[in-house]
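The values are calculated or read from the model by the stated rules, or taken from the named source; none is laboratory data. These numbers come from a predicted model, not from an experiment. Note that we place each Cβ from the backbone using ideal geometry, even for glycine, and neighbour counts take in every protein chain shown.
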Amino acid sequence: MKKSCILLAEGFEEVEALMVSDIIRRTGMNCDLVSMDKELVKSSHGVVIKADKIFDENLEYDLVVLPGGMPGATNLRDDSRVIKFINKYNANGKLIGAICAAPIVLGKAGLTVGKNVTSYPGFEEELNNCTYLEDEVVVDGNIITSRGPATAMAFAYRLIEKLGYDKVNELAKSMLYK
């Protein structure tokens, strides 16, 4: 069974974290909400979420997801543990998803170089030497990026597809997606 985690830093975007978590869990796959520091994490809009786990650099998953939101994305970007963690995942060819402002974390880690990526408008400057696209979801190898809260469902469906879930269309239909 595939395992995923969503890293939560103070100021994360709740739609991007919880929608993705919900859709992954609907497949029967595990998806942990992992706080960077403490059990209760406040979102960018003041919603407090109880994390499933506290960050440990030895956690093992098939997919790590970085939600956007401010200052959540900058908190992830500025945390050296996160940069080390996603670089390790990238080196091992594991899946890394980033949505909204969170691709800036990938930019800081050097993971956007030579890649096709997208983000929330205005963050292009922090996505080093990449081909910037304005598609809802962009997949380039093991890196999956998306635009923002309104694209969270499309992003989640691409993530589960990349994890090997073979009933994406059925799940999307059952959720009245498009």
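Just to be sure before I move on: is residue 59 in a loop (DSSP other than H, G, I, E, B), touching a residue at least 12 places away in the same chain (Cβ under 8 Å) and under 20 Å from residue 142 (Cβ atoms) in the structure I sent? Outline the logic, then answer.
On the way: in a loop (DSSP other than H, G, I, E, B): yes; touching a residue at least 12 places away in the same chain (Cβ under 8 Å): yes; under 20 Å from residue 142 (Cβ atoms): yes.
In short, yes.
Among the residues of segment 84-138, write down those that are in a strand (DSSP E or B) and either farther than 18 Å from residue 74 by Cα or among the β-branched types (Val, Ile, Thr) (or both).
In the first step, residues of segment 84-138 are kept if they are in a strand (DSSP E or B); the result is 95-99, 116-117, 131-132, 137-138.
Those that are in a strand (DSSP E or B) and either farther than 18 Å from residue 74 by Cα or among the β-branched types (Val, Ile, Thr) (or both): 95, 96, 99, 116, 117, 131, 132, 137, 138.
Restrict the check to segment 157-178 and report whether at least one residue is touching a helix residue (DSSP H, G or I) at 6+ places or on another chain (Cβ under 6 Å), closer than 14 Å to residue 66 by Cα, aliphatic (A, V, I, L, M) and at pLDDT 95 or above.
Taking every residue of segment 157-178 in turn, none turns out to be touching a helix residue (DSSP H, G or I) at 6+ places or on another chain (Cβ under 6 Å), closer than 14 Å to residue 66 by Cα, aliphatic (A, V, I, L, M) and at pLDDT 95 or above.
Is there a residue in segment 93-104 that is under 26 Å from residue 164 (Cα atoms), exposed (fewer than 15 other Cβ atoms within 10 Å of the Cβ) and either touching a residue at least 24 places away in the same chain (Cβ under 8 Å) or among the aliphatic types (A, V, I, L, M) (or both)?
There is at least one residue in segment 93-104 that is under 26 Å from residue 164 (Cα atoms), exposed (fewer than 15 other Cβ atoms within 10 Å of the Cβ) and either touching a residue at least 24 places away in the same chain (Cβ under 8 Å) or among the aliphatic types (A, V, I, L, M) (or both).
Has segment 120-132 got any residue that is closer than 23 Å to residue 2 by Cβ and either crowded, with 16+ Cβ neighbours inside 10 Å or touching a residue at least 60 places away in the same chain (Cβ under 8 Å) (or both)?
Within segment 120-132, the subset closer than 23 Å to residue 2 by Cβ is none.
No, that holds for no residue.
Consider residue 64 carefully, then state whether it is in contact (Cβ under 8 Å) with a residue 60 or more places away in the chain, part of a helix (DSSP H, G or I) and buried (at least 21 other Cβ atoms within 10 Å of the Cβ).
Working: in contact (Cβ under 8 Å) with a residue 60 or more places away in the chain: yes; part of a helix (DSSP H, G or I): no; buried (at least 21 other Cβ atoms within 10 Å of the Cβ): yes.
Judged against the criteria, residue 64 is not a match.
So that you can scan it fast, the table gives a plain yes or no per residue for (1) buried (at least 19 other Cβ atoms within 10 Å of the Cβ); (2) in contact with a strand residue (DSSP E or B) (Cβ under 7 Å, 6 or more places away or on another chain):
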residue	(1), (2)
15	yes, no
22	no, no
33	yes, yes
40	no, yes
48	no, yes
59	no, yes
77	yes, no
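Conditions first: (1) farther than 22 Å from residue 110 by Cβ; (2) not charged (D, E, K, R); (3) not in a loop (DSSP other than H, G, I, E, B). Residue 74 passes all but one, so which condition is the exception?
(1)
Can you run down the residue pairs with Cβ atoms below 6 Å, 6 or more apart or on separate chains, where the first is in segment 4-21 and touching a residue at least 12 places away in the same chain (Cβ under 8 Å) and under 12 Å from residue 100 (Cβ atoms) and the partner is in a strand (DSSP E or B) and β-branched (Val, Ile, Thr)?
Close Cβ pairs satisfying both conditions: 16/99; 17/6; 20/65.
Is it fair to say residue 113 is among the β-branched types (Val, Ile, Thr), closer than 18 Å to residue 144 by Cβ and over 14 Å from the mean Cα position of the chain (by Cα)?
yes
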